Amino acid sequence: MFICCNTKPKQDKSQKNTSTTAYSDVESIKQSKCEEQIHKEPVQDTANKQLIMELNQKDKKLQEIQNIVNRIKLYREEGKLNLSIDIEKSFVTSLIEEDIPTLYFVEYKWAVNYTTFLERRIQEVPKKINNTKLLTEDNTQKELIIIKSQKDSQLLPGLQPDKHYVLLNERSWTFIHLLYGGGPKIIIDLEKPVTSPDIINDGQTNVTSNTANTTKLSIEPLIDIAKLEYNNLDDSDKSPNTNTTRRPYPQKTNIIKIEPKPYELPYVGLQNPKYYCYMNSALQCLLSIRELNDSLLKQQKQSNKKFTMAYQDLLRLVQSSIPGSAISVEKLQNMCLNKFKYSQQQDAHEFLLYLLSEIQQELVGKNKYQKEEFQNALEAWDVYKTRNPDIITDLFAGQIASKSHCLKCKEISEGFDPILDLNLPLSKYYIPREFKLQDCLQNYFKEEQINDAWKCDKCQFINKSVLRKIQITQTPKYLILHLKRFTQFPKSQKITDEVTYPEILDIKQFCAENVEYTKYTLKGVISHMGQLNGGHYVAYAQRQNTWYHFDDNIVTKDKNNKHLSDKGAYIIFYEQL
Ligand SMILES: [Zn+2]
């Protein structure tokens, strides 16, 4: 800092007058000004960042809603009704399950018809939302109706929930309204509640928590959740005497919801009885991925989900361990015995992908991806995502499109494949001296002549070789890059050269033009030391924003930022910015 804290007394005072009323005079005298400075600035900074992140998230979410609406409309125009319903159903279900206040009216018959449509019991696409049936005659022409209570004079008298209307949250309404149009928008005004939401006289108001816990994956919640909410309203109707002491709406939180902070694990070592460093290093990187921890901790106990449950047990064990201690991973080790013999060193990359795909399969059933014809990359992606609604797909899956040029008709054929990682060859043939991660990517994505026979779909000509170019068409939230240090051909060996990698990686040049999020920040590194038959794996990963070096049972802070330039880097994890 260039400014000595004594030169900023004015700012200190004004801050105190406006925002820090909680500080008593006695306390502030106890604290030196310097301390105060140190205390306050980061807090304000974090609050600002938090707010900006929340607003960004809201923007991103609205953008996502708009994108999905556009795609659904497009698929309907193209006659792909089933695909459009798959996407709509899973998306609207996720919106309804969001724990934000339900303040938007939808006429009941429309809602029932909509649910029936999503369940495919009727074929006809729903018409415009028609809320005019809920309004008194002089209000039906308006676009927006703001009501202060259920007895608002703009509403028809005697309306009952689950009979005349359902309530939706803001995002569900936005989605449905964008897609189907109609109106008017009828919204309960949160700012001026007619009754005091804080006075509760009968303990029945737990309804709100029921709402948050509803995790059904069918479209039923549209009706079910709404039921819970208006039962609450309904009660107040039946007993007018208690009207003033009941909540007029289920939740009184702000519309911009603060996302719960994902749980962060303490840094804990993993014991290694023999040759298990390949497993430990991979696990330590996965354990730094908070969304994965959160999701797998929430999984219901089920005996047929062996790997998911073993990972959940591991998470609970780490959660309850003292930082710096080391725990046993025996359960997972034993489960992998069939695949990975314990008498020899194994490949961390093979284990990582094995574990991820086992969990993925347990969560969605057998991998349902099969080669099909798709019009474009987005359609292929939509189909893949709706068939794989699991956390592994959500966090790690991306998509690659490969274009093949026919020599005869010059047409370009496109194929699309989901990916969980990228396997980058380290061939000295292409990069003679220094290995840079970006060069490895360049090499991987360059146009390539493949000497396999290939039949052109358009002209049926059998090409003896084909020019193929690949591009990323969907970027994953977490990008796993595997540097192929171990080669079998022409001889078994390990390429030991250093590969440098950046802290911030932009993969824009390897992506299709319309791909939006291409920037990543370093998240974890698995490093291999030594030679092919022997050697040792370690990992660098974060816990609570601090980088650690994980060497089996020994965990140390990465004080010198070695995670940025480890010479043996073998698998690199990046997180999307
Ligand atoms: Zn052709």
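The values are calculated or read from the model by the stated rules, or taken from the named source; none is laboratory data. The structure presented is a predicted model; accordingly, all values stated were derived computationally and were not measured. We place every Cβ from the backbone using ideal geometry, glycine too, and count neighbours over all the protein chains shown. Note: areas computed on protein heavy atoms with side chains; ligands, DNA, RNA excluded. Shrake-Rupley method; radii C 1.70, N 1.55, O 1.52, S 1.80 Å.
Out of the residues in segment 410-426 that are modelled with pLDDT under 90, in a loop (DSSP other than H, G, I, E, B) and surrounded by 13 or more Cβ atoms within 10 Å (Cβ to Cβ), which is farthest from the ligand (Cβ to nearest atom)?
For segment 410-426, the residue satisfying everything is Leu426.
Would you check if Ile391 is touching a Ser or Thr at 6+ places or on another chain (Cβ under 8 Å), within 16 Å of the ligand (Cβ to nearest atom) and open to solvent by 20 Å² or more (accessible area, probe 1.4 Å)?
Considered against the rule, which asks whether it is touching a Ser or Thr at 6+ places or on another chain (Cβ under 8 Å), within 16 Å of the ligand (Cβ to nearest atom) and open to solvent by 20 Å² or more (accessible area, probe 1.4 Å), Ile391 comes out as no.
Tally the residues that are open to solvent by 30 Å² or more (accessible area, probe 1.4 Å) and aliphatic (A, V, I, L, M), restricting the search to segment 304-323.
The qualifying residues number 2.
Quick one: which residue in Lys385, Lys403 is open to solvent by 60 Å² or more (accessible area, probe 1.4 Å) and within 16 Å of the ligand (Cβ to nearest atom)?
Sole residue among the options that is open to solvent by 60 Å² or more (accessible area, probe 1.4 Å) and within 16 Å of the ligand (Cβ to nearest atom): Lys403.
Restricted to segment 454-466, and to residues that are open to solvent by less than 40 Å² (accessible area, probe 1.4 Å) and assigned to a loop (DSSP other than H, G, I, E, B), which residue is nearest to the ligand (Cβ to nearest atom)?
Per the criteria, the residue is Cys456.
Among the residues of segment 460-470, which ones are touching a residue at least 12 places away in the same chain (Cβ under 8 Å) and farther than 27 Å from Glu513 by Cβ?
Of everything in segment 460-470, those that are touching a residue at least 12 places away in the same chain (Cβ under 8 Å) and farther than 27 Å from Glu513 by Cβ turn out to be Phe461, Lys464, Ser465.
Residues are listed down the side, and each one gets a yes or a no for (1) assigned to a strand (DSSP E or B); (2) open to solvent by 50 Å² or more (accessible area, probe 1.4 Å):
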| residue | (1), (2) |
| --- | --- |
| Asp452 | no, yes |
| Arg468 | yes, yes |
| Lys491 | no, yes |
| Asn514 | no, yes |
| Tyr520 | yes, no |
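Please work out if Asp558 is within 20 Å of the chain's Cα centre (by Cα), in the same structural domain as Gln284 (by TED's automatic domain parsing) and without any contact (Cβ under 8 Å) to a residue 24 or more places away in the chain.
Here the answer is no, as Asp558 does not meet what is asked.
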